[in-house]
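Q: This is the structure I have questions about; it appears just below.
The values are calculated or read from the model by the stated rules, or taken from the named source; none is laboratory data. Predicted model only: the values in this text are computed from it and were never measured. FYI the Cβ positions are ideal-geometry reconstructions off the backbone, even for glycines, and counts take in every protein chain you see. Side chains are part of the model used for accessible areas, which takes the heavy atoms of the whole protein and leaves out ligands, DNA and RNA. Shrake-Rupley method; radii C 1.70, N 1.55, O 1.52, S 1.80 Å.
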Amino acid sequence: MADVDFHGDQDDLNDVPLEGDMTVPLTAGDGNDDELSTLDEPVKDTVLRDLRAVGVKFFHVLYPKQSTVLLREWDLWGPLILCVFLALMLQSSPQHLDQQLSGGPEFSEVFVIFWVGSVVVTLNSKLLGGNISFFQSVCVLGYCVTPLAIALTICRLILLAHQTTALFIVRFCIIFLSFGWSTFAATAFLGDIQSHRRKVLAMYPIFLFYFIISWLAISHTS
């Protein structure tokens, strides 16, 4: 039998460090050292970074193209801001200034339509087998309301002038263009999550969702 060198094996075991290393292993040159932890980051820097991220998503909606920014880095800050903005803009409509109870129902109406509509469209997409998470879809649908919010602001400025048939046609065209813009942007981001056979069934609720918001914008500002 061959002699076993127990002393050599014991020396090798003594050389093995027993202390653990609590640092996160990084690949050299990845440039992500500052992004792994933000616990020591000032609150101001955190808020500014989040605002820049929201602004980038607004830009991608205004310039729709095949991008995964809204799907990869989803958030609900933008949709919440747009929802509150639309509700506030529609609650003080000149059409209902003489009604005492005009503020509450109109605000809640827009709020419920915005969020319930987003949830219903998302559930329809999931039931059809869409490969997207729930909050990703709600994020995209909410951010794509941006053109309608801009159109509503322009229409409210037009309402400051004396209303004529020509101005109504102008406002109608603005809302119609923003409706097409919102639908196209949502389709650009969500168009590839469904199979070709079910794409029409998935896109129709999106079309209906933005149509209802557009109808609220044109009817509540007339």
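Q: What distance in nm separates the simple spin-label points at Val116 and Asn131, each placed 7 Å from Cα in the Cβ direction?
A: Label at Val116, label at Asn131, 3.4 nm between them.
Q: Would you mind telling me the share, in percent, of accessible area of the range 144-222 contributed by carbon and sulfur at probe 1.4 angstrom? Mind dumping the intermediate values first?
A: Values: 3250 of 4140 Å².
About 78 percent, which is the carbon plus sulfur part of the accessible surface.
Q: Kindly report the accessible area of the range 140-222 per residue (heavy atoms of protein chains, probe 1.4 Å, no ligands, DNA or RNA), in Å².
A: Details: 4140 Å² over 83 residues.
Accessible surface, normalised per residue, equals 50 Å².
Q: Let me ask another. Quick one: length gained pulling Leu167 to His196 fully straight, 0.36 nm per residue minus the C-alpha distance?
A: Numbers: separation 29, 0.36 × 29 = 10.44 nm, distance 4.11 nm.
That pair, Leu167 and His196, stretches by 6.3 nm at full extension.
Q: Quick check: residue separation of Leu88 and Ser108 times 0.36 nm, minus the Cα distance between them. What number comes out in nm? Can you show the working numbers first?
A: Working: separation 20, 0.36 × 20 = 7.20 nm, distance 1.01 nm.
Full-extension gain reported as 6.2 nm.
Q: Which parts of the range 163-207 would a label at Val56 reach, counting a residue when its backbone N lies under 12 Å from a point 7 Å out along Cα-to-Cβ?
A: none
Q: Also, quick follow-up: Between Glu73 and Val43, 0.36 nm times their residue separation minus their Cα-Cα distance comes to what? Show your work: numbers first, answer last.
A: On the way: separation 30, 0.36 × 30 = 10.80 nm, distance 2.01 nm.
Using 0.36 nm per residue and subtracting the Cα-Cα distance, I get 8.8 nm.
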